[in-house]
């Protein structure tokens, strides 16, 4: 068959799989996502017309909710792949078939990352200034330029591997390991690098002592290993319910065990940071004071979130450390939700805002995200979840429906 | 492994009609898009030119001239003022330096508003380039307890001293380092400038600046027409668009023509000093050689060319 | 009292304009090419901004009815009747009018050794006590200069900014504070 026709068949065939033959719940979910996206677009058009003044951001706190979400999702993208890659490398069967979901989650997460960066830009019309050759990529000195590089390369790799695997399965062929394995191996350092480079983006700012700590990148990786797998575990259980996708308890338990290690490391590193700041008690402590209590006698608007995040992390750790609780689906799921939101709050709010408060001249601007920001963020999540849902629907249809269970052996 | 090709849903469906319909739709879409693009471009050639405009340093002299002409025209339409944009080159053998006498500054904020008018800063929202900090004499330079919003009947307030802060024009500027698109750089005469037509508004530089010197145009700047300063510089005080970063340029449009920056001229107590660091006979060199100077946050190795000193 | 504080700003502004205007006629420093600036290490051009005005209708004193050369003057420090509006806050315990103002020629000041000093050169008189400040002022460190950092500068006399009878700066009303960022909508 003409390869072009094959590709066309594949595109339309998978398109049909994505939109046809779903349950009412599935269409309801799609409708919900569409509503999310539409209200997000409306909010963004408002922001586009007025400028970033419609956000809560100002000169003192110039990055906020958008960049926090971006950071969180980079972590999800990195962890999703790092988690499932050993399956390829060590040929460990129980989590073998979930690799593709990790890659698809990474794709959706990176798309959301790029969207969050776009909505945060003052001049999105000048995005091409970041391109090589026609623009001015400020390499090697700008970490932001590096971040743009690694994120896009990571997106391309994962998009390619995921669609190639689906494409092969669709055509009933076995994938070519000579293509897949090198790319999967490449995506390991890439996954580490996207989160490390993102951490370096903050870490390298000597002007912001809150971030200027050598363990920031390790903390990023550790927290990502908590939130990314949490999302995947819940997803696997949903898929197991609604499709023929069959993941063994053994695999879920293994992932949960990894997560327990990551949670210990995450809290340990966090504790190390907090100890250093409070014991040395330098001027830099003001940022932690703003995070956990407040400054100049005023309660910080983010303190409640900081404590919530910490409490969630501790409870989740307890759940995951006790094997019995970890192995009971009910408690494990509670733990997953808790750690997911703990990291989400930590990256979305507790990481960015205190870095800017007080600002470099000691002035306190009490930033809270505006309604526009929250709505745009919901829209971006809508887009990401829609992409992910459609990809999962297609891959489940191809890989795990009874009559098409082929090829991915 | 079985062969799924036969049961592929795509293969199972009749193709002919669908394909031709699709092609028709796609063809129509492209035609419409092309038409929209063409008419849009014709209607707004200026916007297109602005969209594809090159980095300041990549412009040939001829392109620069055309770009400036286009901008001046646009400013005329926007502000009804005949704004003249210069692209004055740096003076060879000059490295600017600035000194401010902390023992004389009384915190009157004349510099703040002189700067706003001279540099076509937005009046609403107003994010002035100069921040005057009030601190306790007994506490010394302590930013954590500094107040930028003091509002006394008279200054100086008892027991207080004042520290105006704007761009420090670092020799080692972190803002330049972090910019992903090289929209900001240090000129040979030491002034850190921004190409407002290249900045993408990512605000990395605002984050990297340890002095709160950089400000963002959160919305379209508003300048009353009768208050526009029409003597402007491409890399300096020409009106900025929304969504880009701006900051003090030591009045690049004045100093490259030999004048003092505006803040030096309006300071009622003569606390502000400016000159050529490479000229051993300059006022600024006299201060560096005869006074005890301090720089802000010296531990960050930004090497500011803005020096604070105690003249008394 | 000399109405220095109230009239200074207006006068200084006007004078700067005048000086600037004159200098465009006599020198070309406002119309140079930048290359010209770079090479010259010139002797610094300093242009005096006119000193602040005297009290209306009083100066010159020698022609007035008050201080005739023949008038006998009591040189022992005492309260004077006419200049009651001048409050001396300038080492007033040790000094009085005739330490600076010349008894014989009221249109001049005099140094400690009796040499006469024109009001235009009053800094010489101030510098007798304030030596380091005079040095700093001559170097351009003390006092305000305007004009060109590389060419002609306008300088001010001590008395342009400091009231010689009460030299301490008076407090000023500050310009309004910046708007809190919470208020920027």
**Sole residue being closer than 17 Å to residue A:108 by Cβ and either assigned to a helix (DSSP H, G or I) or at pLDDT 95 or above (or both), chosen from A:41, A:83** = A:83
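For residue A:211, are the conditions met, namely being in a helix (DSSP H, G or I), at pLDDT 95 or above and surrounded by fewer than 23 Cβ atoms within 10 Å (Cβ to Cβ)?
no
Which is surrounded by fewer than 20 Cβ atoms within 10 Å (Cβ to Cβ), modelled with pLDDT of 90 or more and touching a helix residue (DSSP H, G or I) at 6+ places or on another chain (Cβ under 7 Å), of A:181, A:153?
A:153
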**Message:** Can you say whether residue A:201 is within 14 Å of chain B (Cβ to nearest Cβ) and crowded, with 16+ Cβ neighbours inside 10 Å, as far as the supplied structure shows?
**Reply:** yes
**Request:** Starting from the range C:163-182, keep only residues that are within 11 Å of chain B (Cβ to nearest Cβ), then list their pairs with residues that are part of a helix (DSSP H, G or I) and surrounded by fewer than 16 Cβ atoms within 10 Å (Cβ to Cβ) whose Cβ atoms are within a distance under 7 Å, requiring at least 6 positions of separation or different chains.
**Result:** C:170/C:5
**Fill in**
Of (1) away from chain C (no Cβ under 14 Å); (2) under 27 Å from residue A:129 (Cα atoms), residue B:89 satisfies every one except (1)
**Asked** Looking only at the range C:101-152, which residues are within 11 Å of another protein chain (Cβ to nearest Cβ), surrounded by fewer than 16 Cβ atoms within 10 Å (Cβ to Cβ) and within 20 Å of residue C:168 (Cβ to Cβ)?
**Response** C:132
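May I ask you to list the residues in the range B:102-116 that are more than 8 Å from chain C (Cβ to nearest Cβ) and within 23 Å of residue B:247 (Cβ to Cβ)? Quick ask: steps written out before the conclusion?
The initial filter retains those residues of the range B:102-116 that are more than 8 Å from chain C (Cβ to nearest Cβ), namely B:102-105, B:111, B:114-116.
Across the range B:102-116, the qualifying residues are B:102, B:105, B:111, B:114, B:115, B:116.
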**Asked** Out of (1) farther than 30 Å from residue A:259 by Cβ; (2) within 14 Å of chain B (Cβ to nearest Cβ); (3) within 22 Å of the chain's Cα centre (by Cα), what's the single condition that is false for residue A:41?
**Response** (2)
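Hey, does the range B:169-176 have a residue that's facing chain C (nearest Cβ under 9 Å) and in contact with a helix residue (DSSP H, G or I) (Cβ under 9 Å, 6 or more places away or on another chain)? Walk me through how you get there before you give the answer.
Initial filter on the range B:169-176 (facing chain C (nearest Cβ under 9 Å)): none.
Checked the range B:169-176: no residue is facing chain C (nearest Cβ under 9 Å) and in contact with a helix residue (DSSP H, G or I) (Cβ under 9 Å, 6 or more places away or on another chain).
For the structure I just gave you, tell me whether residue B:81 is within 14 Å of another protein chain (Cβ to nearest Cβ) and in contact with a helix residue (DSSP H, G or I) (Cβ under 9 Å, 6 or more places away or on another chain).
Values: within 14 Å of another protein chain (Cβ to nearest Cβ): no; in contact with a helix residue (DSSP H, G or I) (Cβ under 9 Å, 6 or more places away or on another chain): yes.
Against the criterion (within 14 Å of another protein chain (Cβ to nearest Cβ) and in contact with a helix residue (DSSP H, G or I) (Cβ under 9 Å, 6 or more places away or on another chain)), residue B:81 does not qualify.
Among the strands (runs of 3 or more DSSP E) confined wholly to the range B:206-312, which include 1 or more residues that are within 14 Å of the chain's Cα centre (by Cα) and more than 9 Å from every other protein chain (Cβ to nearest Cβ)? Talk me through it step by step, then tell me what you get.
Working: elements: B:231-233, B:272-276, B:306-309.
It comes to B:231-233.
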**Asked** Failed condition for residue B:188, given (1) farther than 23 Å from residue B:100 by Cβ; (2) within 14 Å of the chain's Cα centre (by Cα); (3) more than 7 Å from every other protein chain (Cβ to nearest Cβ); (4) in contact (Cβ under 8 Å) with a residue 60 or more places away in the chain, with all others met?
**Response** (2)
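Out of B:255, B:155, B:269, B:178, report the one residue that is buried (at least 22 other Cβ atoms within 10 Å of the Cβ) and either farther than 23 Å from residue A:355 by Cβ or touching a strand residue (DSSP E or B) at 6+ places or on another chain (Cβ under 8 Å) (or both). Even if it seems obvious, please write down each step before you answer.
Values: B:155 fails: buried (at least 22 other Cβ atoms within 10 Å of the Cβ); B:269 fails: buried (at least 22 other Cβ atoms within 10 Å of the Cβ); B:178 fails: either farther than 23 Å from residue A:355 by Cβ or touching a strand residue (DSSP E or B) at 6+ places or on another chain (Cβ under 8 Å) (or both).
Every option except B:255 fails the conditions.
The values are calculated or read from the model by the stated rules, or taken from the named source; none is laboratory data. None of these values were measured; they are calculated from a predicted model. Positions of Cβ are generated from backbone atoms using ideal geometry, with glycine treated the same way; all protein chains shown enter the neighbour counts.
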